[in-house]
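Written out below as structure tokens is the structure these notes cover.
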Amino acid sequence: MHRFLKRQLKKLGYTDGDLSEEQFQTFLEMCERAYVDADEDRAFLEHTLEVSSKEMQELYAALERKSRTKLAQSEARFRELAQIDPLTGIANRFSLEERLASLIAYSKRNHQKFALLFLDLDHFKYINDTFGHDFGDKLLKEVVKRISPELRSEDIFARLGGDEFVIVFTNVTERDLYKTVEKILMLFREAWKIENHLLHVSTSIGVVFYPKDGISTVELLKHADIAMYTAKNHGRDNFSFFTKELNEKVTREIELEVDMQRALHDGEFELYYQPKVDIKTQKIIGSEALIRWHHKKFGLLLPLDFIPIAENNGFILKLGEWVIKQACCDMEDFNKVSKQNLHVSVNVSTVQIRMQTLYDMIEKYTQSLKPSQFIIEVAEEVLLKDEAMFIAMLSKIRSLGVRISMDNFGINYSSLGQLVKMPIDSLKIDKIFIESISEDENNEKILIKTIIAIAKSLDICVIAEGVEKEYQVHYLEQNGCQYYQGYLFAKPMPKQEYMKLIS
Ligand code: C2E
Ligand code: MG
């Protein structure tokens, strides 16, 4: 029976994956009903009427026709049900794709455009995890209740699954659409009342236009999804239009993501070194290792092009280990050409600090160095989350004798109370503060002065980053900053060049 049903479904254009268990059961019951009806008719004829075999054959043929009609009716009803999302009662993905395909054909013939909005609720997973799935389902129903009255009968409103919705507006200009999207965002800004809880749930929306941003269903949905993610990255409760540049950026990111493993294997990563300098003596005290990627297709890539991707997909753990190992190896070579007891610092992501393996790695690779020659630079954000865990981890690493530096200090406005508890040896003042130092002698830079004063009172040293001008060095020196790093002295450079500089 099931095999027959599957064939029947295939004939109707469905595959197993299109149907929920519930929908499949409905279809099964409908077909069974059609057969049971026909069988009952047949039994009635056989047992209650005395007819000739020829007449019997004719009656059977008639019954066959009747059961086929019933089956066709069941199929038609089923087709109707299979178009609907059982939870919310609006169109489902299958139906959306069907309707989009005919809308595309129609729009192509009539040279018309339409807009497609991809909505994804913000932090829906958190709601489901906190209040349970039934609660989440109620919210989704409410969303549909709130949006539906705002749509025209010719618009398409569908739920793709989870908390993803699609709205298609025909005959709209880009200007009209701005207002409509704003209106949808506004609808979300009113609190949601679910089971006596008042919630604030926003949405992020990606917008595409046919034919400008895509000419097939797959392309339109993919590009709308990309635009939606951009809206999320811009702080959620937001919308973003799809652009060619956006597509190129995302496509490149995807390419880089799949290429990282190979690149590491093929030796495409390199560490550059930027000197750190004593402000008074102008002597080099050490360097910061900054990663570069010589990509076959894209040329020289800077860390911000690929480190965030590596942090997202976990590859940073492997790449971070390579950085530590390489920097320690290079430091051994630096020790061969310089007797100055220089140091090297490496940047580590918070993702790495969470892993116990970071301690093991540092212990292993710093064996041939004086531990104090190795510094890890941690982002200020460690002060803002999971404080106790980070303090424990960093203290353990520091017990090896290596030093810890707080990078880009000041941009996250972390509190002094948090800083005092951190096991650190130095603070790096972020370059945005250094940029703000101007030639004007009276220009008071309270924040820089405060950071230097804090460091002094905690008995840790201060390094200014991004120093490009002589007068910035002058100002920093006058205010008690001991070290600096910046293009004024030298840009980050390959190992061999740095070796020449220190030897
Ligand atoms: P960061 O740790 O704040 O590094 C300093 C950045 O400022 C470097 O950018 C450096 O080239 C740049 N810089 C130095 N002096 C000047 C200056 O005078 N003017 C200007 N405009 N910029 C200056 P880069 O190399 O692009 O690195 C960017 C960020 O990427 C680093 O910021 C660091 O957070 C991260 N990064 C670099 N290498 C690694 C790594 O191996 N692992 C991890 N996790 N992150 C890394
Ligand atoms: Mg750094």
- Query: Do you know which residues across region 350-376 are closer than 19 Å to Leu427 by Cβ and within 25 Å of the chain's Cα centre (by Cα)?
  - Reply: Thr350, Ile353
- For region 360-374, pairs from a residue that is of a type in the set (Lys, Arg) to a residue that is part of a loop (DSSP other than H, G, I, E, B), with Cβ under 8 Å and 6 or more apart or across chains, are Lys370/Asn341; Lys370/Gly401
- Task: From Ser399, Ser345, Ser338, grab the single residue that is within 20 Å of Tyr498 (Cα to Cα), in the same structural domain as Lys276 (by TED's automatic domain parsing), surrounded by fewer than 20 Cβ atoms within 10 Å (Cβ to Cβ) and small (Gly, Ala, Ser).
- Result: Ser338
- Would you call Ile437 within 13 Å of ligand 1 (Cβ to nearest atom) and at pLDDT below 90? yes
- Message: Can you tell me which of (1) assigned to a strand (DSSP E or B); (2) of a type in the set (A, V, I, L, M); (3) away from ligand 2 (no atom under 14 Å from the Cβ) is the one Ile376 doesn't meet?
- Response: (3)
- Item | Given (1) aromatic (Phe, Trp, Tyr); (2) touching a Ser or Thr at 6+ places or on another chain (Cβ under 7 Å); (3) in a strand (DSSP E or B), index of the condition Phe188 fails | (3)
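Residue by residue, here is whether (1) over 20 Å from Asn92 (Cβ atoms); (2) at pLDDT below 95 holds:
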residue	(1), (2)
Leu121	no, no
Lys138	no, no
Ile147	no, no
Ser153	no, yes
Arg159	no, no
His200	yes, yes
Ser216	no, no
- Scope region 436-457; condition within 38 Å of the chain's Cα centre (by Cα) and not small (Gly, Ala, Ser); matching residues: Ile437, Lys445, Ile446, Leu447, Ile448, Lys449, Thr450, Ile451, Ile452, Ile454
- Residues of region 468-497 being surrounded by fewer than 17 Cβ atoms within 10 Å (Cβ to Cβ) and within 39 Å of the chain's Cα centre (by Cα), which ones? Glu468, Lys469, Tyr487, Leu488, Lys491, Pro494, Gln496, Glu497
- Taking region 194-214, which residues are exposed (fewer than 12 other Cβ atoms within 10 Å of the Cβ) and either outside any loop (DSSP other than H, G, I, E, B) or touching a residue at least 60 places away in the same chain (Cβ under 8 Å) (or both)? Glu195, Leu198
- Message: Show the residue pairs meeting these rules: Cβ distance below 7 Å; 6+ apart or different chains; first residue within region 459-472 and in contact (Cβ under 8 Å) with a residue 24 or more places away in the chain; second residue more than 14 Å from ligand 1 (Cβ to nearest atom) and β-branched (Val, Ile, Thr).
- Response: Ile460/Ile424; Val462/Ile451; Val462/Ile452
- Query: Looking at region 311-319, is at least one residue in a helix (DSSP H, G or I), modelled with pLDDT of 95 or more and touching a helix residue (DSSP H, G or I) at 6+ places or on another chain (Cβ under 6 Å)?
  - Reply: yes
- Note on the structure: Of (1) in contact with a strand residue (DSSP E or B) (Cβ under 9 Å, 6 or more places away or on another chain); (2) outside any helix (DSSP H, G or I), Ser153 fails just (1)
- Residue pairs meeting the criteria (Cβ under 7 Å; at least 6 apart or on separate chains; first in a loop (DSSP other than H, G, I, E, B), in region 114-127; second of a type in the set (Asp, Glu)): Asp122/Asp237
- Inside region 379-391, can you point out the residues that are crowded, with 18+ Cβ neighbours inside 10 Å and not in a strand (DSSP E or B)? Glu380, Val382, Leu383, Phe390
- Item | Tally, over region 419-441, of residues that are touching a Phe, Trp or Tyr at 6+ places or on another chain (Cβ under 7 Å) and more than 16 Å from ligand 2 (Cβ to nearest atom) | 2
- Item | Residue that is within 16 Å of ligand 1 (Cβ to nearest atom) and either assigned to a helix (DSSP H, G or I) or not assigned by TED's automatic domain parsing to the domain that holds Gly314 (or both), where the choices are Leu256, Leu290, Leu246, Leu271 | Leu256
- For region 459-467, indicate whether the set of residues that are among the acidic types (Asp, Glu), outside any strand (DSSP E or B), surrounded by fewer than 21 Cβ atoms within 10 Å (Cβ to Cβ) and more than 16 Å from ligand 2 (Cβ to nearest atom) is non-empty. yes
- Subset of region 298-308 that is touching a residue at least 12 places away in the same chain (Cβ under 8 Å) and surrounded by fewer than 18 Cβ atoms within 10 Å (Cβ to Cβ) - its residue that is farthest from ligand 2 (Cβ to nearest atom): Phe298
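The values are calculated or read from the model by the stated rules, or taken from the named source; none is laboratory data. What you see is a predicted model, and the numbers here were worked out from it, not measured in a lab. Positions of Cβ are backbone-derived with ideal geometry, glycine not excepted, and every protein chain shown enters the neighbour counts.
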